[in-house]
1. Place a +1 charge on the Cβ of each Lys and Arg in segment 77-195 and a -1 charge on the Cβ of each Asp and Glu, then give the dipole magnitude about the Cα centre in debye, rounded to the nearest 20.
2. Leaving out ligands, DNA and RNA, and with a 1.4 Å probe, what % of the accessible surface on the chain is carbon or sulfur?
3. Count neighbours as other Cβ atoms within 10 Å of each site's Cβ, and list the chymotrypsin sites (Phe, Trp or Tyr not before Pro) in segment 88-172 that are DSSP loop with at most 15 such neighbours.
4. If the viscosity is 0.692 mPa s and the temperature 37 °C, what translational diffusion coefficient in µm²/s does Stokes-Einstein give for the chain when Rh comes from Kirkwood over Cα pairs?
5. By the gyration tensor of its Cα atoms, with a ≥ b ≥ c the square roots of the eigenvalues, what is the shape of segment 144-195: rounded for a/c under 1.5, prolate for a/b over b/c, or oblate?
6. Suppose every Lys and Arg Cβ carries +1 and every Asp and Glu Cβ carries -1, with no other charges. What dipole size does the chain come out with about its Cα centre, to the nearest 20 debye?
7. State which entries of LYS92/LYS156; LYS6/LYS156; LYS30/LYS93; LYS6/LYS162; LYS6/LYS122; LYS122/LYS162 exceed 21 angstrom in Cα-Cα distance in the structure shown.
8. Run through segment 1-90 and list the trypsin sites (Lys or Arg not before Pro) located in a DSSP loop whose Cβ has at most 15 other Cβ atoms within 10 Å.
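The values are calculated or read from the model by the stated rules, or taken from the named source; none is laboratory data. Predicted model, so just to flag it, every value in this text is computed and none were measured. Glycine also receives a Cβ, built like all others from the backbone with ideal geometry; neighbour counts cover every protein chain displayed. All accessible areas refer to the heavy atoms of the entire protein, side chains included, with ligands and DNA or RNA removed. Shrake-Rupley method; radii C 1.70, N 1.55, O 1.52, S 1.80 Å.
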Amino acid sequence: MQEMVKAIFMIISGLCWSIVYIELIRGRFKDKTYAMPLFALGLNFAWETLYSVDQLFLGSEPLQGVVNLIWAMLDAVIIITYFKYGREYFPKKAQKYFIPFSILAFVSCFIMQFAFYFQFDKVPASQYSAFAQNAAMSIMFLAMLFNRGNTRGQSKLMAIAKCIGTLAPTILGGVIESFNIYILLMGSICFIFDALYIIALYDMEKEEVTLKSTLDYLKF
């Protein structure tokens, strides 16, 4: 019974995160921008690359390894959008540092993931690093929305899928499999900032629709 429940929660998380990546890529084509914060993107890509290799070639979960590999490839597309459109969000006086800074950020993200991987056993390493980066990611998405002041590249579907995609493994790893205070606390941080992100995104989208309607009206 527990194995069935575990499978259900993993499928929910997997589907939701797949929706997140697809929506972020779709937002790139729609709004010609990138929509995942740099360090969130770097940590995600590093985690998925590391654990897809580990689970496919060194571990006992080849199916999860395939899923991680697919996510890594989707992240690679988002990385391309970052390098194509990210320069416009970089400080104008530091434009020449955009490429080296970005490369350093991605390298640093891999080093951070390797630190977890080599310090802890395999399962805690993957769980603890995943929840740490998810907490940081939830904060960074909200900060990015406020800093940009618009919803370019983002959508409510992506925001809701992101929230559910992290909430499912929080319940699974923090309650169902065992009581894990680390997962529960980090997952709670994710949920709070994800909920705030959904609310802020909804409000900002409403303002943008109202403004567009007003401008369209004034044209006539």
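1. On the way: 10 positive and 4 negative charges, 153 e Å.
My answer is approximately 740 debye.
2. 73 percent
3. PHE120
4. Numbers: Rh = 18.4 Å.
Diffusion coefficient, whole number: 179 µm²/s.
5. Values: a/c = 5.13, a/b = 2.36, b/c = 2.18.
Prolate, because a/c is 1.5 or more and a/b exceeds b/c.
6. With Lys and Arg at +1 and Asp and Glu at -1, about 980 debye.
7. Values: LYS92/LYS156 30 Å; LYS6/LYS156 27 Å; LYS30/LYS93 28 Å; LYS6/LYS162 19 Å; LYS6/LYS122 19 Å; LYS122/LYS162 24 Å.
Checking Cα-Cα distances, LYS92/LYS156; LYS6/LYS156; LYS30/LYS93; LYS122/LYS162 exceed 21 Å.
8. On the way: sites: LYS6, ARG26, ARG28, LYS30, LYS32, LYS84, ARG87; in loops: LYS32.
The qualifying sites are LYS32.
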